[in-house]
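See below for the structure under consideration.
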Amino acid sequence: MRIRGRAWRLGDHVTTDHIIPGRLKYKVRTLEEMRQYVFNDLIPGFSERVRPNDIIVAGRNFGYGSSREHAARLLKLVGVGAVVAESFARIFYRNAINVGLPVVEARVEAEDGDEMEVDLREGTVRDLSKGTEANFKPFPPMIMSLLEEGGIESYYKRHGKLPWE
C-alpha cells in the first residue's frame, strides 16, 4: 500500500483544535460542513488546496488535545492520504487507524510541496523531491487490514467481524 502526494509541512504540537477548531463544535452540524475549516487557522484555504493523497508532515506530538474522532475523520475526508510525524498523541493515533487514515512515526525534513511517498508495507517514507528516505516499523497485518479496508467500520461492514475476532 503506497501513498504518493505533496507534503504539507507543520511543526510540533499540532492539536486537534488546529485540525478542526473546537469553537465550531456546536455551530456546524455535519462532517461535510466542517471540512471547509480543516487547518483553517494554520493554513487558510487548506480544504480547497489539498489534493487527494497529499501527506501531512509534522514534528512531535501531532493530534494532542481533545479526543474528538472528527479530527482524523476530517483529514481523511478532505483527501489527506497519510500523516507522517515524529510522534502522535495516543488517542489521535488510534482514532486515525480506526477511520483508515495511515499515521506513520518517522522524522522527515520535507518542505511544503515536496513530492512524497509512504510505503506502508516496506516501512519507508521517501521525499522524492530531495531523494531522502526515512524508515518506520511497518504495521502488523491486523492494522494493515483495517487501513486497506478504509477503517474499522468499513472492515466490519465488509467482513461481518473484526480482524481480531
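In the stretch 65-85, what count of residues is obtained for those that are at pLDDT 95 or above, surrounded by 16 or more Cβ atoms within 10 Å (Cβ to Cβ), of a type outside the set (A, V, I, L, M, F, W, C) and outside any helix (DSSP H, G or I)?
Result for the stretch 65-85: 1.
In this structure, does residue 108 turn out to be under 23 Å from residue 21 (Cα atoms), outside any helix (DSSP H, G or I) and in contact (Cβ under 8 Å) with a residue 40 or more places away in the chain? Before the answer, list the steps.
On the way: under 23 Å from residue 21 (Cα atoms): no; outside any helix (DSSP H, G or I): yes; in contact (Cβ under 8 Å) with a residue 40 or more places away in the chain: yes.
Judged against the criteria, residue 108 is not a match.
How many residues are in a strand (DSSP E or B) and closer than 20 Å to residue 113 by Cα when one looks only at the stretch 34-64? Break it down stepwise before answering.
Filtering the stretch 34-64 for residues in a strand (DSSP E or B) gives 55-58, 62, 64.
Going one step further and asking which of them are closer than 20 Å to residue 113 by Cα, we end up with 55-58, 62.
Number satisfying all stated conditions: 5.
For the subset of the stretch 86-96 comprising residues that are outside any loop (DSSP other than H, G, I, E, B) and crowded, with 18+ Cβ neighbours inside 10 Å, which member is farthest from the chain's Cα centre (by Cα)?
First pass over the stretch 86-96, keeping only residues outside any loop (DSSP other than H, G, I, E, B): 88, 90-96.
In the following step, the residues that additionally are crowded, with 18+ Cβ neighbours inside 10 Å were identified as 88, 91-93, 95-96.
Details: 88: 10, 91: 13, 92: 9, 93: 9, 95: 10, 96: 6 Å.
For the stretch 86-96, the residue satisfying everything is 91.
What do you reckon, is residue 146 aliphatic (A, V, I, L, M), within 14 Å of residue 1 (Cα to Cα) and touching a Phe, Trp or Tyr at 6+ places or on another chain (Cβ under 9 Å)?
On the way: aliphatic (A, V, I, L, M): yes; within 14 Å of residue 1 (Cα to Cα): yes; touching a Phe, Trp or Tyr at 6+ places or on another chain (Cβ under 9 Å): yes.
It is true that residue 146 is aliphatic (A, V, I, L, M), within 14 Å of residue 1 (Cα to Cα) and touching a Phe, Trp or Tyr at 6+ places or on another chain (Cβ under 9 Å).
Conditions tested, residue by residue: (1) touching a helix residue (DSSP H, G or I) at 6+ places or on another chain (Cβ under 8 Å); (2) without any contact (Cβ under 8 Å) to a residue 60 or more places away in the chain.
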| residue | (1), (2) |
| --- | --- |
| 64 | yes, yes |
| 90 | no, yes |
| 97 | yes, yes |
| 102 | yes, no |
| 116 | no, no |
| 123 | no, yes |
| 160 | no, yes |
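The values are calculated or read from the model by the stated rules, or taken from the named source; none is laboratory data. On a predicted model such as this, the values are computed, not experimentally measured, just so you know. FYI the Cβ positions are ideal-geometry reconstructions off the backbone, even for glycines, and counts take in every protein chain you see.
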